[in-house]
Amino acid sequence: MKSSYGPFAVKVSTLRSDYSVVVNAQGSVLKTHLQGEFAAWPTEVAQLLANDLNALPQHADLRESLVYCLLSTFCEEKQPQFELFVEDDLQWDAAYRLSEDDEIAALQYESIAPLVRFLKDDWITLPENTCQNVEEMREADIDFVPGEIVNCFMDFTQGFNQYQKYAVELLQSIFGGIHLSMILLWVSRKVSSEDLMKSSLFLSCTKEDLESRKFSKSERDDIESFSAKLDALKQALYLLKSRD
């Protein structure tokens, strides 16, 4: 579905006065990514979605809205059972495996400053992990992320609800599997969207990327644009959690 069906607006649900559905310019209820009908949401959440969709460029896919991805998924998932795999996924988190190039490592370290402050003396950097799974790591005698860090994040995420767990999965699919710790901090509103964006860029950077340490205008525009989408998702998670 394209955003050209907008502008989108909210319409109070016939079932609950504090809930609303999102409708397109023709007055039809918004469709999910699987073409099912969107459920009604708390009006403040529905309005957030409508605003986010209206901010998309004309003809953009609605799935470019992270709020749409979140709510559409939960319209389709009747009994969601999303899980976090913190213990395993942390083994590939680049925040603990900085580059062997000192210049790159310095930028990477700077980009994960909120994480280092969060972990304090427990933060560590280890050799690269190119294995495909945990079993390969054991066979190759690759260093595991210490239990102190794993346990910290296991405890930290224990209270995550289904919306937050799905958001982690969504952002891992966008940023790749090497940014878990910063994503977890972002979901908990401990780092900004811009912090997460810049961290993802620096943790993935190569020597060629260091030719200019300053972001180009295009890169700055991309960071600003996607940070706005992340901010909308963060607000949706906050509104939904407040209703738990």
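Worth pointing out:
- Test: Glu100 is within 30 Å of Cys152 (Cβ to Cβ), modelled with pLDDT under 95 and not in a helix (DSSP H, G or I): yes
- Summed over the range 100-138, residues that are surrounded by 14 or more Cβ atoms within 10 Å (Cβ to Cβ) and touching a residue at least 60 places away in the same chain (Cβ under 8 Å) total 9.
- Of the helices (runs of 4 or more DSSP H) lying entirely inside the range 115-185, those containing at least 2 residues that are within 30 Å of Cys75 (Cα to Cα) and touching a Pro at 6+ places or on another chain (Cβ under 8 Å) are 162-175.
- Scanning the range 14-27 for residues that are among the small types (Gly, Ala, Ser) and either surrounded by fewer than 11 Cβ atoms within 10 Å (Cβ to Cβ) or at pLDDT 95 or above (or both) turns up Ser17, Ser20, Gly27.
- If you filter the range 11-37 down to residues that are hydrophobic (A, V, I, L, M, F, W, C) and out of contact with any Phe, Trp or Tyr (no Cβ under 9 Å at 6 or more places or on another chain), you find that the one that is farthest from Lys78 (Cα to Cα) is Leu15.
- Apart from one condition, Ser65 fits all of (1) touching a His at 6+ places or on another chain (Cβ under 8 Å); (2) outside the structural domain of Lys165 (by TED's automatic domain parsing); the exception is (1).
- Being over 10 Å from the mean Cα position of the chain (by Cα), surrounded by fewer than 17 Cβ atoms within 10 Å (Cβ to Cβ), at negative phi and in contact (Cβ under 8 Å) with a residue 12 or more places away in the chain is not true of Ser181.
The values are calculated or read from the model by the stated rules, or taken from the named source; none is laboratory data. Computed from a prediction, not measured in an experiment: that's the story for all the values here. With ideal geometry, Cβ positions are generated from the backbone for all residues, glycine too; neighbour counts draw on all protein chains shown.
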